[in-house]
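Here the structure is laid out as structure tokens; the discussion comes afterwards.
No value in this document is a laboratory result; all are computed from the given coordinates. Computed from a predicted structure; not experimentally measured. Counting neighbours? That spans all protein chains shown, and the Cβs are built from the backbone with ideal geometry, glycine included.
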Amino acid sequence: MEKEKSVEYVCKPNEHFVKQYYYFGKLLTARDCSDEQKYLNEKRWLLNRHGIGWGVLCGLKVIKDPKNKYGIIIEPGLAIDKYGNEIWVGKEQRIDLRADCREEEPNYRTANQYYITIKYQECLVEPSPVPVEECDDYDVECFYNRVVETHKIQISGKRPEIPKSIIDEFKEALECEMDCAEFLKNPGQVIIEGCPQREECQTITLACISHCEDTPITDRDIDNITFRKL
């Protein structure tokens with residue numbers, strides 16, 4: 001069996017939060033331990049979505065690779081996607097545009113525009129034998145022992161939506177302060193406003209690179225601002 005397997009994370013909404021109730025003599029199974037993790041994760045993702053928001057928290061700047069004239073480097077950093085997953089990049093990620101773009105779909109490029117995106121991903125590792133006998137149709141030689149929370153970097157030719165700029169965010173904050181008096185007089189509109197729907201796991205755009213295939217990349221070719229959501 002392969003030592004590592006990438007899996008697409010599937011978001012499964014819950015109607016209610018369910019946590020373990022422990023008592024002396026309770027038999028704990030794999031399902032109980034998984035449900036415990038799921039409960040804690042769902043609570044954290046909920047606070048991430050509604051308390052922090054989504055986008056790049058720090059780092060993840062895209063720069064040219066000094067060792068490869070057709071390469072770029074994604075610096076270490078942290079982001080949160082629309083579902084609430086934390087995307088942690090602990091070390092530099094190097095990408096060769098000429099080599100990696102050929103592995104993408106044919107329409108990877110639009111007017112020499114490359115969009116560097118990142119997405120949350122889980123990888124199953126450490127396959128271990130199951131110390132139980134086979135039962136009925138349950139025929140499994142081994143299970144993966146760990147799940148690595150990692151990321152997937154993609155090169156896309158599809159132009160993403162431009163997020164609100166920092167200036168727009170500050171304008172909204174100032175307007176919010178000006179509306180505080182009105183809110184205190186009539187808080188009903190805000191109080192009855194419902195929670196937004198939970199988004200599926202989606203990519204986060206880090207940068208746009210304007211680059212011709214046989215031309216070395218320069219600092220001017222890399223746009224870390226226009227399509228980056230902070």
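In this simple spin-label approximation, C33 and A99 carry label points 7 Å from Cα along the Cα→Cβ vector, and these lie 3.9 nm apart. Among the trypsin sites (Lys or Arg not before Pro) in the range 11-61, those placed in a DSSP loop whose Cβ has at most 15 other Cβ atoms within 10 Å are K19, K26. For the pair K19 and V130, label points projected 7 Å from Cα toward Cβ lie 3.1 nm apart.
To the nearest 0.05, how large is the calculated FRET efficiency for I225 and L40 if R₀ is 35 Å and r is the Cβ-Cβ distance? After rounding to 0.05, the efficiency reads 0.50. Highest mean first, the peptides 141-148, 91-98 sorted by other C-beta atoms within 10 Å per residue fall in the order 91-98, 141-148.
Per-residue extension of 0.36 nm, minus the Cα-Cα distance of K61 and D214, leaves a gain of 52.7 nm for this segment.
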